[in-house]
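To start, the structure itself, in structure tokens.
The values are calculated or read from the model by the stated rules, or taken from the named source; none is laboratory data. Values in this document were obtained by computation on a predicted structure and should not be read as measured data. Quick reminder, even Gly has a Cβ in these numbers, built from the backbone with ideal geometry, and neighbours come from all protein chains shown.
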Amino acid sequence: MKITLKTLSLSSFLFCISAEGFLFQDNLGDLLSSCKQKVDGTYRFTGDSGLMKFGDYFGIGRACDAYYRCDNGDITIKKCPSGTVFHADMGDCKSGNSSLPQSCQLYCNPYADDKFHDSGSFPERVAECPYPLQFSERTKQCENFTDVNCASRREEKDYCSYWYIAYLNRHGGNCGNGNHPSCFDLPDGVFEHPFVHKAFIRCYQNRLVEEGQCPVDPLWGTQTYLYKGICTQRFAIPVSDPRGVGRLPDCSGVPDGSYRFSTRPCDAYYRCNSGEAKAIKCPDRTHFDTKSGRCSSTAACYRV
């Protein structure tokens, strides 16, 4: 069996090929893939530790910047020139992005260059779409996950499953401590943020697509809280709300009519209709008139 090291310059990695058979151990800490029992053709490196950059955090090796060819059992290794990556569908190094079979958010980028690559923690020329985008084999770029067909590529849905995020939090950060919200087991919709007070998360197709803070309502001048999927001012939230944030009284058994808020007697009131309560804000320069049950510019404003 013949080994040809063709145009080989793999990050100054030193190959030791004197030990008989050491380069061709399959699935046992192998340094190099074997062409044994493989049909002739080009192949992508898939986790061959001998071709990994030192410190490769994710351990997929040189899947983008190198490949090997099998001819009658002989192996030829080729390093992709600068500005190119391996395109499995073409069997050669070419310009432009190409997909990776491991995951739908990963892809080969000829110019992948950031501090994580410089530190040796990301594989050579491997890039990742920002969460929750995914790599489109049709457009050859990152797209909204709703527009990407992942086919057999693994589809990560959780924020903390993206490699970049996992790397950032590898030493017990937000993901490591389990204090980052996940939509993995939630239906589509808006939910109260599990870790941040007065905040919410929006889920779609088991992805976290939005995190937000419920604002202060400018009309009512009070904090809003998530209620039935909407940031709602607290005088429209029933007092029975288990969080204790509601200020809307219970109208059960109360005659239909308009009533003053005990905690806000002047510029607003609530109306009971068949046991249902509704909060109403008076227009500017008016106050609730208990006699007429309406807002009036002549009504006196006083607390009881």
State all residues of the range 249-304 that are modelled with pLDDT under 95 and of a type in the set (Asp, Glu); if no residue qualifies, say none.
-> Asp267, Asp284, Asp289
Quick check, is Asn179 under 30 Å from Asp217 (Cβ atoms), assigned to a loop (DSSP other than H, G, I, E, B) and touching a residue at least 12 places away in the same chain (Cβ under 8 Å)?
-> yes
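Residues checked against (1) over 27 Å from Pro194 (Cα atoms); (2) in contact (Cβ under 8 Å) with a residue 12 or more places away in the chain; (3) surrounded by 11 or more Cβ atoms within 10 Å (Cβ to Cβ):
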site	(1), (2), (3)
Val239	no, no, yes
Gly246	no, yes, yes
Pro255	yes, yes, no
Ser258	yes, yes, yes
Arg271	yes, yes, yes
Thr290	yes, yes, yes
Cys301	yes, yes, yes
Those residues of the range 220-279 which are assigned to a loop (DSSP other than H, G, I, E, B) and of a type in the set (D, E, K, R) amount to Lys228, Asp241, Arg243, Arg247, Asp250, Asp256
For Gln105, are the conditions met, namely being at pLDDT 90 or above and in contact with a helix residue (DSSP H, G or I) (Cβ under 7 Å, 6 or more places away or on another chain)?
-> no
Output the residue which, of all residues in the range 112-167 that are among the β-branched types (Val, Ile, Thr) and surrounded by 21 or more Cβ atoms within 10 Å (Cβ to Cβ), is modelled with the lowest pLDDT.
-> Val126
Can you tell which of Arg243, Arg202 is modelled with pLDDT under 95 and of a type outside the set (Phe, Trp, Tyr)?
-> Arg243
For the range 208-215, indicate whether the set of residues that are surrounded by 12 or more Cβ atoms within 10 Å (Cβ to Cβ), among the polar types (S, T, N, Q) and either at pLDDT 95 or above or assigned to a strand (DSSP E or B) (or both) is non-empty.
-> yes
Residues (in a loop (DSSP other than H, G, I, E, B) and in contact with a Phe, Trp or Tyr (Cβ under 8 Å, 6 or more places away or on another chain)) located in the range 156-174 = Glu156, Lys157, Asp158, Tyr162, Arg170
